[in-house]
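What follows is a set of notes on a single structure, which appears directly below.
The values are calculated or read from the model by the stated rules, or taken from the named source; none is laboratory data. Values in this document were obtained by computation on a predicted structure and should not be read as measured data. Glycine also receives a Cβ, built like all others from the backbone with ideal geometry; neighbour counts cover every protein chain displayed.
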Amino acid sequence: MATLIIVGMKTSDFDYELPQELIAQTPAEPRDHSRLMAVHRDDGRFEHRRFYDLPEYLHAGDLLVFNDSRVIPARLYGERTETGGKIEVLLLSRLSVGLWRALVRPGRRMREGAAFVVRDQDGRPAMRGEIVEVEDEGTRLVRLEGEENLHRVGIVPLPPYIHEPLADVERYQTVYSRVAGSVAAPTAGLHFTPELLERVRSMGVETAFVTLHVGWDSFRPVKTDDVAGHKMHSEFFSIEGEAANLINKAKRDGRRIISVGTTAVRLLEYSASLRDGGDEVVVAGEGWADIFITPGYRFRVVDALVTNFHLPRSTLLMLTSALAGRDLVLKAYEAAVAERYRFYSFGDAMIIM
């Protein structure tokens with residue numbers, strides 16, 4: 001594993017002040033009219049643009065890598081079989097057929113062996129579940145019957161800091177989402193439109209699509225004072241042969257590999273950590289990635305990053321700081337607050353070059 005964490009690095013080193021009113025509650029319309037901050041690592045410059053200006057920062061031969069995972073309706077509302085008491089289940093990741101890791105409320109009543117039912121709009125049982133195990137961090141392993149009905153009774157979960165209802169749930173999906181499995185959107189991709197994708201391709205920019213199903217760690221806070229004490233959860237990934245070939249060829253040719261989002265970064269760098277050299281940087285296949293990228297990490301694949309503005313003290317802010325440097329990233333965030341950028345999932349974006 002290529003994870004490297006500098007001893008003594010504190011979670012508080014990645015804190016910043018954010019006015020609540022800058023947390024975006026609704027997405028920009030159209031998608032590519034969100035703002036874009038260009039961050040230049042070589043001289044520390046910031047430029048303030050719109051996302052539809054992104055092609056100005058790309059060159060023929062660049063390779064954009066996207067995460068094509070699609071958000072599933074992972075939030076369930078049900079009732080305890082024994083008492084009829086109301087419960088809420090947030091599915092975090094599918095471990096195998098019918099077995100999920102989940103958050104359950106109220107947790108104190110949902111111990112091992114507790115059973116529940118989720119009903120459809122007509123009041124008929126559509127899914128049944130049982131708590132198999134209570135894990136150390138409060139998550140549950142849940143056995144589900146009727147998971148094929150998830151699309152009928154589940155609700156697409158929005159992050160806890162979004163309080164406005166979403167008129168169109170497709171706005172929490174990227175336009176290229178394809179493989180269902182995430183519980184949170186790979187939000188850097190929300191800014192792309194089909195027209196913008198066509199524009200960048202017409203410039204000679206290549207595109208590749210990989211899959212990493214975004215799990216709890218995208219919004220789980222780091223609670224340890226020492227960064228090294230935080231444990232990342234594994235997330236399922238898949239890299240198809242065509243995408244691996246495009247990535248490996250771009251790396252061999254010395255062309256820029258630009259990740260659209262931190263989830264794609266984690267997948268690419270995890271795959272690279274499995275290699276011992278040779279012509280291939282990443283390898284086609286699937287598995288579970290748990291890489292934790294913090295300052296001090298040496299990137300093997302990614303040269304530049306398109307990303308949103310992340311929560312304070314989060315693993316995603318740490319990853320961004322690993323690529324651009326903590327001081328520069330925090331200066332960029334300070335400038336974004338001063339310029340009234342919109343933050344988090346439905347907020348604005350930056351490109352780090």
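Before moving on, here are some points about what is shown:
- Inclusion of Ala208 among residues that are more than 19 Å from the chain's Cα centre (by Cα) and under 29 Å from Glu170 (Cα atoms) is not warranted.
- Among (1) over 25 Å from Val179 (Cβ atoms); (2) not in a loop (DSSP other than H, G, I, E, B) - the single one Glu269 does not satisfy: (1)
- Under the condition of being under 13 Å from Phe346 (Cα atoms), assigned to a loop (DSSP other than H, G, I, E, B), modelled with pLDDT of 95 or more and in contact with a strand residue (DSSP E or B) (Cβ under 7 Å, 6 or more places away or on another chain), the residues counted in segment 158-183 number 1.
- Contacts under 9 angstrom Cβ, first residue in segment 283-298 being polar (S, T, N, Q), partner assigned to a loop (DSSP other than H, G, I, E, B), 6 or more apart: Thr294/Thr3; Thr294/Leu4; Thr294/Ile5; Thr294/Ile6; Thr294/Met9
- Selected residue (only one of Ala304, Ala332, Ala322 is closer than 12 Å to Met37 by Cβ and assigned by TED's automatic domain parsing to the domain that holds Thr262): Ala332
- Residue within segment 139-155 that is surrounded by fewer than 18 Cβ atoms within 10 Å (Cβ to Cβ) and touching a residue at least 60 places away in the same chain (Cβ under 8 Å) present: yes
- Hits in segment 47-96 - residues which are part of a loop (DSSP other than H, G, I, E, B), surrounded by fewer than 18 Cβ atoms within 10 Å (Cβ to Cβ) and touching an Asp or Glu at 6+ places or on another chain (Cβ under 8 Å): Gly61, Gly85
Residues checked against (1) in contact with a Gly (Cβ under 7 Å, 6 or more places away or on another chain); (2) outside the structural domain of Arg108 (by TED's automatic domain parsing):
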{"site": "Asp136", "(1), (2)": "no, no"}
{"site": "Glu147", "(1), (2)": "yes, no"}
{"site": "Pro160", "(1), (2)": "no, yes"}
{"site": "Val169", "(1), (2)": "no, yes"}
{"site": "Val205", "(1), (2)": "no, yes"}
{"site": "Gly215", "(1), (2)": "no, yes"}
